[in-house]
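Right, one structure below, let's go through it.
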Amino acid sequence: MIFSPAIECAERSEIEAIQLDRLKSTVKRVYETVPYYKEKLDAAGVKPEDIQSLDDLKKIPFTTKADMRANYPYRLFAVPMKDIVRIHASSGTTGTATVVGYTKTDLDNWAECVARVVCQAGATPDDIAQISFGYGLFTGALGLHYGLEKLGAAVIPVSAGNTKRQIQLMQDYGTTLLVGTPSYALYIGETAKQMGVDLHELPIRLGVLGAEGHTEEMRKAIEDLYGMRVFENYGLSEVMGPGVAGECTEQVGMHIAEDHFIVEIIDPETGENKAPGEMGEVVITTITKEGQPLLRYRTRDISSISYEKCACGRTSARMHKVLGRSDDMLIIRGVNVFPSQIESVILSVPGAGPNYEIIVTKENHMDRLEVLVEVNSAELLAKFAELERITNSIRSRLREEILLDVKVSLVNPMSLKRFEGKAKRVTDLRDKGE
Ligand code: DLL
């Protein structure tokens, strides 16, 4: 089922015409209503009338998280407060939170975009959807909530936490679809196993997971725990929340809601646009947002885009898995490493993971990388040769993949920290001189 065939399967020329029209009116609107944009565009010598083609987008300066913080909380709103009906915020773990305001129309569009995300993952009005994202300022829970309701699914707004109860509800309510972060889905699955509940015997069939990345290996680990298929979706609160892009059943990238967002990939160093297929930083311009439109917002997420028609019939551009955030990239003895590369290696070794932690320290002025990896069965702990095989395989595969010598420490099953929201798998102790 395709939720909005007229848009999702439109010819590229039709999509581009819609985008240009909406881009022009967004630029005009923010120029007239948001002093920050007027100043920024004036400083760059760009007037709204200068935007005559999609290519002219390049003339517009980027907006960054720092700009959002400088205008905290409401100075980027493009409508009076009487028209704002909802406020969300990003988690703000790395500084002042960023605030987002939505009008009624923004909420309708948001529900439409999320309905597409869940529909393309195979959700139907028959589904019973358990939302295990935390409700609150975070956009994940309410975003998925209204999108699933719009599709017609039955929503269970359980929120994150109370993991045993999550499993009880799955059993009692016949949950067919789970919404949450990949880390929390993993944690719920492991807890069910410990409780002696076989998720394969329950009706759960679909995981619609997002808000953080997961490798293909992690997807497989979660799918195996539940006996369900897992679909990924992507978004960020600044531009809306979930609903920016999501996988269809072909699972070759995430279809972008191009009638609401223009997504570019740029070289993070030079700001130049990259060609289709090339990796770079994702930059998003909202073209329907009323409350808080954003022009060329630098997400810091690293990915690529392709424009070929998908086998599912959709023509919308697809964004590929996020390799990581530029600020999550570790530089170890001059080598750039994304935690996702380490995750792929660990999970590819039988007996290891899927829970792990990456620790970076400095010893005698040298960066040192250590991974703590849970073995996945307590029985392995008594088998020295097996433990050695696992350690050596992880170490040699990491050397091949990231060209670094890494200390690998195997730890007991269920001994590392678990996460109910976004996981924090990297501890970088270098700044602390430890
Ligand atoms: O995480 C919005 C969201 C909620 C998306 C639920 C999907 C599902 P923020 O808290 O503002 O918003 O965090 C946004 O999370 O810039 C990425 O770094 C990361 N992120 C989100 N989805 C993915 C994904 C929500 N599929 C930030 N893969 C983004 C990798 C993701 N990273």
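The values are calculated or read from the model by the stated rules, or taken from the named source; none is laboratory data. Values in this document were obtained by computation on a predicted structure and should not be read as measured data. Note that we place each Cβ from the backbone using ideal geometry, even for glycine, and neighbour counts take in every protein chain shown. To get the accessible areas, we keep the full protein, side chains included, count just its heavy atoms, and leave off ligands, DNA and RNA. Shrake-Rupley method; radii C 1.70, N 1.55, O 1.52, S 1.80 Å.
Listed values, structure above:
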item: Selected residue (criterion: nearest to Gly253 (Cα to Cα)) from residues of the range 122-143 that are open to solvent by less than 10 Å² (accessible area, probe 1.4 Å) and away from the ligand (no atom under 12 Å from the Cβ); result: Ala123
item: The range 52-66, subset open to solvent by less than 30 Å² (accessible area, probe 1.4 Å) and assigned to a helix (DSSP H, G or I), residue farthest from Asp42 (Cα to Cα); result: Lys65
item: Search result, residues across the range 341-356 that are under 24 Å from the mean Cα position of the chain (by Cα) and surrounded by fewer than 20 Cβ atoms within 10 Å (Cβ to Cβ); result: Gln341, Ser344, Ser348
item: Residue in the range 390-404 that is open to solvent by 50 Å² or more (accessible area, probe 1.4 Å), modelled with pLDDT of 95 or more, charged (D, E, K, R) and part of a loop (DSSP other than H, G, I, E, B) present; result: no
item: Long-range neighbours under 8 Å by Cβ, at least six apart or interchain, first residue in a loop (DSSP other than H, G, I, E, B) within the range 1-23, second open to solvent by less than 80 Å² (accessible area, probe 1.4 Å) and polar (S, T, N, Q); result: Met1/Thr124; Ile2/Gln120; Phe3/Gln120; Cys9/Thr315; Ala10/Thr315; Glu11/Thr315
item: Residue list for the range 319-350, restricted to those being within 14 Å of the ligand (Cβ to nearest atom) and in contact with a Phe, Trp or Tyr (Cβ under 8 Å, 6 or more places away or on another chain); result: Met319, Val322, Leu323, Gly324, Asp328, Met329, Glu343
item: Check on Cys310, touching a helix residue (DSSP H, G or I) at 6+ places or on another chain (Cβ under 6 Å), in contact (Cβ under 8 Å) with a residue 60 or more places away in the chain and either among the polar types (S, T, N, Q) or crowded, with 19+ Cβ neighbours inside 10 Å (or both); result: no
item: Residue identified as among the basic types (Lys, Arg) and under 30 Å from Phe3 (Cβ atoms) among Arg69, Arg75, Arg86; result: Arg86
item: Hits in the range 26-37 (condition: in contact (Cβ under 8 Å) with a residue 40 or more places away in the chain and open to solvent by 10 Å² or more (accessible area, probe 1.4 Å)); result: Arg29, Thr33, Pro35, Tyr36
item: Options Tyr184, Tyr146; residue that is in a helix (DSSP H, G or I), open to solvent by 20 Å² or more (accessible area, probe 1.4 Å) and within 16 Å of the ligand (Cβ to nearest atom); result: Tyr146
item: Spans of strands (runs of 3 or more DSSP E) in the range 217-304 with at least 1 residues on the phi > 0 side of the Ramachandran plot, surrounded by fewer than 24 Cβ atoms within 10 Å (Cβ to Cβ) and charged (D, E, K, R); result: 297-303
item: Yes/no for Leu410 being assigned to a strand (DSSP E or B), of a type in the set (A, V, I, L, M, F, W, C), open to solvent by 30 Å² or more (accessible area, probe 1.4 Å) and farther than 30 Å from Ile131 by Cβ; result: yes
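Okay, residues lined up against (1) within 25 Å of Arg75 (Cβ to Cβ); (2) within 15 Å of the ligand (Cβ to nearest atom):
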| site | (1), (2) |
| --- | --- |
| Met254 | no, yes |
| Asp259 | no, no |
| Glu269 | no, no |
| Lys274 | no, no |
| Glu278 | no, no |
| Thr288 | yes, no |
| Ile302 | no, yes |
| Ser306 | no, no |
